[in-house]
1. Please give the helices (runs of 4 or more DSSP H) falling wholly within the range 1-80 in which 3 or more residues are hydroxyl-bearing (Ser, Thr, Tyr).
2. I'm told residue 309 meets every condition in (1) aliphatic (A, V, I, L, M); (2) under 30 Å from residue 10 (Cβ atoms); (3) at pLDDT below 90 except one. Can you identify the failing condition by its number?
3. Of all residues in the range 71-94, which are farther than 18 Å from residue 391 by Cβ and surrounded by fewer than 24 Cβ atoms within 10 Å (Cβ to Cβ)?
4. Given the options 241, 247, name the one that is in contact with a helix residue (DSSP H, G or I) (Cβ under 9 Å, 6 or more places away or on another chain), at pLDDT below 85 and of a type in the set (Phe, Trp, Tyr).
5. If you go through the range 255-268 one residue at a time, do you hit one that is farther than 23 Å from residue 117 by Cα and not small (Gly, Ala, Ser)?
6. Look at the range 400-422 and say how many of its residues are closer than 15 Å to residue 222 by Cα and open to solvent by 50 Å² or more (accessible area, probe 1.4 Å).
7. Within the range 135-151, identify whether any single residue is part of a loop (DSSP other than H, G, I, E, B) and not aromatic (Phe, Trp, Tyr), and answer yes or no.
8. Out of 181, 154, I need the residue that is closer than 25 Å to residue 306 by Cβ and free of Cβ contacts under 8 Å to residues at least 60 places away in the same chain. Which one?
Amino acid sequence: METKISNVERTELDNTMSKRFIWAIAYGSSIGWGAFILPGDWLASSGTLGSTLGITIGGILMLIIAVAYGGLTTRFPVSGGEFAFSYVGFGKYVSFIASWFLALGYICVVALNASAFSLLFKFILPEFLEVGYLYTIAGWDVYIMEVILSSLVLILFAFISIKGSGLSGNLQFLFCLFMALVVTALFGWSFFSGEFALSNAEPLFNDQNGIWTSIILIVAIAPWMYVGFDNIPQAAEEFKFSPDKTFKLIVFGIIASIITYVLMILITSWVYPDEQSIDGALWVTGSVVQSGMGGLGMTLLALAISFGVFTGLNGFYLSSSRLLFALGRARFIPPVFMKLGKNKTPYVSVLFIMTVCLAAPWLGRTALSWIVDMSSTGVSVAFLITSLVAVKYFSKKENYNILYIIFGVLGALISLTFLILLLYPGSPASLSAPSYIALGAWVALGAIFFLFQLKKLRALTKEELDYLILNKDE
């Protein structure tokens, strides 16, 4: 649908998304592949209690940041989420910076999920994937079959996203429901598997890193772990229900994510005294489940991670395409990004995301940690700006709300802390050199897009921008 004011047209999306779909976006996007692939890495760096505390603290910090998102989404239920919020608070230039960094965070997660899917197959069917050796990058051998599998997954979910929210919404909810049931079943089973003992959970913290560093290493990547909750504001324009429900759905999504992460860490930790020794060089959690629970347990885990990958791909294709759609609609990037297909989905944005992500499978497993760091950085920038917007917007006399102001200040401090942990060279969680290089490349691409559109953007009046971004026609 298109409406018009002055000399600009505003393309609008249909209201097709139910509450259960939106909850599934938050939960499925947050969990994705990480809860099933990475517990072994977290245990090695932080120990059982360090990992558990880091994940729980990170989730609580996300809940604090989410208060601002709930309040702002209620008042500005349009596609783009942080794009619209930052425009309201600080104008078009800051809005573009926040949105471009957020797009980086979202697109990184799409790439991560596709790469993780090939890792699952490499564990289950190594002979199948280890065909057509190409090269070794950062100590990881890359094979053509691995690249093909990840690429096919990216293409498949781009197709599902283009087909519309009806198909993707039903799949998202069913996959999330199955994931939750499998994790619960595996957790219960773990008490009777392998060499289960509570003492196996030791060391509780990494002895070399110490208690503080063990916790901080996990807390620092919380923006990446829980980034799915802010997919909800991206789809606000398509809600079939009142935007007032936003915060409640975000809370349910984050709490479900915390529980899932913690249960998978405990399963990996306490089934054997030394989980790293159970042939875990490739994938510790998979090795523990296969050794302790046999073929049935491994089949359930394989299905859960497959569905986790699918929900991550589905959710972040949706959120990143809606963000690019909103940027294109407002002429911040070329307007081709706002083009809708016959199913009322921004297909050009989806295809752009797919094309960018098709580079990830060629980088190998080691690149996953680089991408996680980049994603956390991009998301933290958006969190910081959104929290500051909440402080500014709700401090105005006509919008005054002390609760949102307090949580906005807290959210800004938390987001700034995340950025310091990631960007300060002396931090235990600072970015690696490859992450800085890729981050610089993304900034350069954004600058090119922005400079290309700058003349057109300056030609738009505030009234026209308010209309295109916020749907305000007065």
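1. Correct list: 19-31, 39-75.
2. (2)
3. Correct list: 77, 92, 93.
4. 241
5. Yes: the range 255-268 contains one or more residues that are farther than 23 Å from residue 117 by Cα and not small (Gly, Ala, Ser).
6. Residues flagged as closer than 15 Å to residue 222 by Cα and open to solvent by 50 Å² or more (accessible area, probe 1.4 Å) within the range 400-422 amount to 4.
7. yes
8. Matching residue, one of 181, 154: 181.
The values are calculated or read from the model by the stated rules, or taken from the named source; none is laboratory data. Model, not experiment: these values are computed from the prediction. So basically every Cβ, Gly included, is an ideal-geometry build from the backbone, and we count neighbours across all protein chains shown. For the accessible areas, the whole protein counts, side chains as well, though only heavy atoms, and no ligand, DNA or RNA atoms are used. Shrake-Rupley method; radii C 1.70, N 1.55, O 1.52, S 1.80 Å.
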